[in-house]
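Participant: Structure provided below as structure tokens; questions to follow.
Just so it is clear, none of the values below were taken in a lab; they were calculated from the coordinates. Every value quoted in this text rests on a predicted model; they were computed, and no experiment measured them. Glycine gets a Cβ as well: all are built from the backbone with ideal geometry, and neighbour counts include every protein chain shown.
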Amino acid sequence: MNAETGAKPVIVGVDGSEYSSAALRYAGMLAARLGTRLEVISCVGMPDYLVMSRLEGADRQFTARLEDAAGRLVEDALGRAFTAERPENIDVTIKFGPPAKVLVEESRRAQMLVVGRHGEGGLLKSSMGSVSKACAAHSNCPVLLVGQEADAV
């Protein structure tokens, strides 16, 4: 590991799903093995924010509510991912914006980006969701896509 990659974190996108819990487990393991920070990022999509802010009109009040809700989802995912002990060097950040765009932008400063691979049913039985597809296609660092079936890490 050189000095340039040693300072870069492993970033994991978390939406509170079981997929993101599996991604958290892998990301925690990778960060520990690489000797770097684990950075957990959860995104509140702008449509969610715009709808909530229009309903009540108190911009900061609803921004805080959305951040709190996202924070609770992350805490639940962390609890599922690390039942015994959480990694020591872990940071949690809530960002506003489209998750794919935010994670691709954050990948510029990452050693690796880890995301859950939400599959959508439907006609084509896609094995990846739109966020994981965008991250795999546009990330500025290596991307690890983790499926829910990846329980045993």
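Participant: Listed highest first by mean packing, meaning other Cβ atoms within 10 Å per residue, what order do 84-93, 71-80, 97-106 come in? Intermediate values should be presented prior to the final figure.
Facilitator: Numbers: 84-93: 12.3, 71-80: 16.4, 97-106: 19.6.
Averaged packing, sorted descending, gives the order 97-106, 71-80, 84-93.
Participant: OK, next. With just the Cα atoms defining each centre, how far is the range 69-98 from the range 17-42? Give it in Å.
Facilitator: Going from one Cα centre to the other spans 9 Å.
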